[in-house]
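The values are calculated or read from the model by the stated rules, or taken from the named source; none is laboratory data. Just so we're clear, the structure is a prediction, and the values are computed from it rather than from any experiment. All Cβ positions, even for glycine, are placed from backbone atoms using ideal geometry, and neighbour counts span all protein chains on display. Note: accessible area is taken over every heavy atom of the protein model, side chains too, but ligands, DNA and RNA are not part of it. Shrake-Rupley method; radii C 1.70, N 1.55, O 1.52, S 1.80 Å.
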Amino acid sequence: MSDAGQTYILHRGSAPLLISLPHDGSEIPAALAARMTEPARRAPDTDWNVSRLYAFARELGASLIVPRYSRYVVDLNRPPDDTSLYPGQNTTGLCPAVRFTGEPVYLPGEAPAPEEVVQRVEKYWRPYHDALAAELARIRAAHGRVLLWEGHSIKGSDLEFLFPGRLPDLNLGTAAGASCSPDVQARIEAALVAQSQFDYVVNGRFKGGYITRHYGDPAQGVDAVQLESSQRIYMDEASFEYLPERATLAQDVIRSLLVAALA
């Protein structure tokens, strides 16, 4: 285990599997929080409890990388130049100025200037990506291949700013098939078909963020996929409370997807 100045935690495993949870962090430095609106200070757009949801993966020998800080500090799943991943659609940026509801993150006049964004990239974004790239290289050197699994979650409804209506329970993204091999995607899809607990979509609203698209290189032995889970399948969306009995069902299905992908 390493902490790299406490901006992230890396658990090294023994399997050809790296699970990245870039939106699990919820901490906001006090000086920065003072510049934010009261609702934003609670970091409501966190992928709440997702590291707890994926804790079982260490039993599979997975490596896990988990950040400490909120996406409001810097979004680790956005490109460092803040190019939009979904042109023409509402989204949030590298240092988000709006929440998933479209409401402001910052008090008037307190949004970060470009110079501050660059500083946040160097302090928070860069260490995570350096560690992620190094761990991918280590695993690939040991096994000849590696599966990079991006674990995400989001409130599954009432986010009209981002998507209309209800999001499916499970949302698999492979950059429209570019970030992983056809065989890997086919095995995951077969596992989705085989389960009956949750509805799902492949390459729907969420096709994979920067990490999936940037690091996925199936020709070089790096298969990258993103699973965006609706938070209702493992927690209470209103209170952010983790619901173990509900989560156990979700973990069983996610385990089946990981096992299928690694086969």
> Can you give the convex hull volume per residue for the Cα atoms of the stretch 1-91, as a whole number of Å³?
Replying inline: 133
>> For the stretch 90-130, take the convex hull of the Cα atoms, compute a quarter of its surface area, and give me that in nm², please.
In response: 3.5
>> Apply the Karplus curve 6.51 cos²θ - 1.76 cosθ + 1.60, θ = phi - 60°, to the phi angles in the stretch 43-51 and return the couplings in whole Hz, x for Gly and Pro.
In response: 6, x, 8, 5, 7, 4, 6, 6, 5
>> Taking the solvent-accessible surface of protein heavy atoms with a 1.4 Å probe, what is the per residue accessible area of the chain in Å²?
In response: 42
> Amide H to amide H, which residues 5 or more places from Tyr8 or on other chains are under 5 Å from it, using H placed in the peptide plane?
Replying inline: Arg68
>> What does the net charge come to around Arg120 if you take all other residues with beta carbon closer than 12 Å to its beta carbon, with K and R at +1 and D and E at -1?
In response: -1
> How large is the charge dipole for the chain, taken about the Cα centre, if only the Cβ atoms of Lys, Arg (+1) and Asp, Glu (-1) carry charge, to the nearest 20 debye?
Replying inline: 420
> What is the packing order of peptides 167-178, 110-121, 64-75, taking the mean over residues of other C-beta atoms within 10 Å and listing the highest first?
Replying inline: 64-75, 167-178, 110-121
> Ignoring ligands, DNA and RNA, what percent of the 1.4 Å accessible area of the stretch 171-247 is carbon and sulfur?
Replying inline: 52
> Considering only DSSP beta bridges with both partners in the chain, what is the antiparallel share in %, to the nearest 5?
Replying inline: 40
> Residue by residue through the stretch 126-134, which ³J(HN,Hα) values in whole Hz follow from phi under the Karplus form 6.51 cos²θ - 1.76 cosθ + 1.60 (θ = phi - 60°), with glycine and proline marked x?
Replying inline: 4, x, 4, 6, 4, 5, 4, 5, 5
> For Glu110, what charge total do you get from the other residues with a beta carbon under 11 Å from its beta carbon, if Lys and Arg give +1 and Asp and Glu give -1?
Replying inline: 0
> Using θ = phi - 60° and the Karplus curve 6.51 cos²θ - 1.76 cosθ + 1.60, what whole-Hz ³J(HN,Hα) does each residue of the stretch 110-116 get, with Gly and Pro shown as x?
Replying inline: 10, 4, x, 6, x, 5, 5
>> Could you work out what % of the accessible surface of the stretch 24-119 is carbon and sulfur, using a 1.4 angstrom probe and leaving DNA, RNA and ligands out of the count?
In response: 53
> Based solely on its DSSP helices, what 222 nm [θ] is calculated for the chain when runs of n ≥ 4 H residues each add -39,500 (n - 2.57) and the sum is averaged over all residues, nearest 500 deg cm²/dmol?
Replying inline: -8000 deg cm²/dmol
